1. How would segment 299-382 be classified by its alpha-carbon gyration tensor: rounded, prolate or oblate, with rounded meaning a/c under 1.5 and the a/b versus b/c comparison settling the rest?
2. So who's got an amide H within less than 5 Å of the one on ARG410, skipping anything under 5 residues away but keeping other chains? H placed 1.01 Å off N, in plane.
3. Hey, what number do you get for the chain at 222 nm if only DSSP H runs of n ≥ 4 count, each worth -39500 (n - 2.57), divided across all residues, to the nearest 500?
4. Using the crude model of +1 on Lys and Arg Cβ and -1 on Asp and Glu Cβ, and no other charge, please compute the dipole size for segment 173-326 relative to its Cα centre, in debye to 20.
5. Pairs to check: LYS175/LYS503; LYS257/LYS506; LYS234/LYS257; LYS340/LYS390; LYS175/LYS377; LYS484/LYS506. Give those whose C-alpha atoms are more than 19 Å from each other in this structure.
6. What does the charge count around GLU76 come to, taking other residues whose C-beta lies under 12 Å from its C-beta (Lys +1, Arg +1, Asp -1, Glu -1)?
7. Charges at C-beta only: +1 for Lys and Arg, -1 for Asp and Glu. How large is the resulting dipole of the chain about its Cα centre, in Debye rounded to 20?
8. Could you please report the charge total around GLY389, scoring K, R as +1 and D, E as -1 over all other residues with beta-carbon less than 14 angstrom from its beta-carbon?
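Nothing in this text is a laboratory measurement; each read-out follows from the coordinates by a stated rule. Everything numeric here is computed off the predicted structure, so don't read it as measured data. Neighbour counts are summed over all protein chains in view; Cβ atoms, including those assigned to glycine, are modelled from backbone coordinates with ideal geometry.
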Amino acid sequence: MTATTFADLVAARADDDHVALWFEGRSWTWREVVAQARVRAAIAEARGTASAVRRPQDPTPGPAMHVGVFCENTPEHLFWWLGLALVGITYVGINPTRRGADLAHDIAFTDCGLLVVDETRRSLLAGLDDLPPVVEVGTGTESSPPVARSEREATVNPATTLSLVFTSGTTAAPKAVICSQQRMARIAREQAERRSLTSDDTFYVVMPMFHSNALMAGIAPALAIGATIVLRRKFSASAFLDDVRTYGITFFNYVGKPLAFVLATPEQPDDADNPLRIAFGNEASERSIAEFSRRFGCQVIDSFGSSEGEIRINRHPQAPPGSLGVAAEGIVVLDPSTGKECPPARFDEHGVLLNAEESTGEIVHLQGARLFEGYYKNPKADASRLQGGKVWSGDLAYRDADGYWFFGGRTADWLRVDGENLAAAPIERLLARFPAFDQVAVIAVPDDEVGDQVMAVAEVAPGETFDPVAFGNFLDAQPDLGTKWAPAFVRLVPTLPRTPSNKVVKRRLDLSVGQGVPDLWRREAGPASRVYLPA
């Protein structure tokens, strides 16, 4: 029988003696993992407090509870997530980069009746008022006596909220995304099926567990097929290949920069001598995707998808460079001002996008309402995303005549330069070709005369320096450089501000452009100028 809830998937592993988990040299079978999960479920039932709010999405009999988990990537974190799932208690992933009032707000806003905290994060709660009861835990390597199966296990409804996971907050305050038991069960099965993964595979989970990537791309599919999980507290580029070889890792999920971080380690002649088959994630650069695949002899699948679960664009082997791939059925590009579908992008013989303003629009799922489960206690955000049965993603894109998609950035990433709308992402992709740049973020600097000026904020690649003459020559040599794409300003930074899931937070970038600003270069006046001077 096909599992209809994530709790079903967890319970199905209760008698499985296949190795489920490796952590810092110790292993657990799935039978042992489920036994430990039941211990945590019993603690939650005994010590938890009924949530003050019952939502229609939480129809499981018994107290409607939310438990915040504020732990590193440890077995304890995993045991709590699976244990809460087993008995229909909602897991809330608490972001450790939030501090003070923001951290207290996240805990209170999500109605946590219990807070699970490990020793590395207990100090972050100091001075916070009105916290729920706290359970302090270790890593989960300590032994716990088994407990009987809870009566609630058999009563979990598919529509019960399994988890509340906050968005990255790259352009606005984070929102808590609702994920039901049935949705996570579906994601777990589909992820494994799409990648042809089996119980013989070993998953490397190093992305933070409070984020959806670790849960949906790593742990959930491994659980669904009874594969092995290698769990690390934090990602380490220097330890990556050793871990892959030591544990026989075949699958690795990531967000953002991990591929680039690994590639920055010294290359060895035998790097491809390893068992890794698939690196699956999103937001890696074209350069990192190609180089990681070559160097480590694996397939890199860099796809585009939303935490909310309705938008998915998959890479295609024949896709042109820079393309996201091909979208699932029902996903289109709409003009937000008219609600009409945008025409295909047109390019000249050099690859210059000729109709950026009319071809770029918002990514919309026409039938996405059935997939969108909402944001917790945020009707304004729900209404913004869900309009007329369609899901408006907040992301920009354009498509070529063959149906291949290209990312345009967030809707907040529009720049208005000399009366022309420009999307940031195509400019970022072009500037990332410059050998001295590791990663580039393009932002708008307000200008009274032209509307916006283009600023490129760039991380300099290891061992490289920024040569303004070489950069000007590079721009001149790019046949697909749009007429208004050349940055008016270039700012060099050691690192771009990022979320814990490695997404760039553009709202934290410095817009100051006055004289004497450190590491800022200004383009000489004139639309054709490629001369950059210190500001």
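1. Cα axes put segment 299-382 in the oblate bin.
2. Those lying under 5 Å, H to H, from ARG410 are LEU396.
3. After summing the helix terms and dividing by the residues of the chain, the value is -6500 deg cm²/dmol.
4. 440 debye
5. Where the Cα-Cα span goes over 19 Å, the pairs concerned are LYS484/LYS506.
6. -2
7. Charge dipole, the chain, about its Cα centre: 1040 debye, nearest 20.
8. +1
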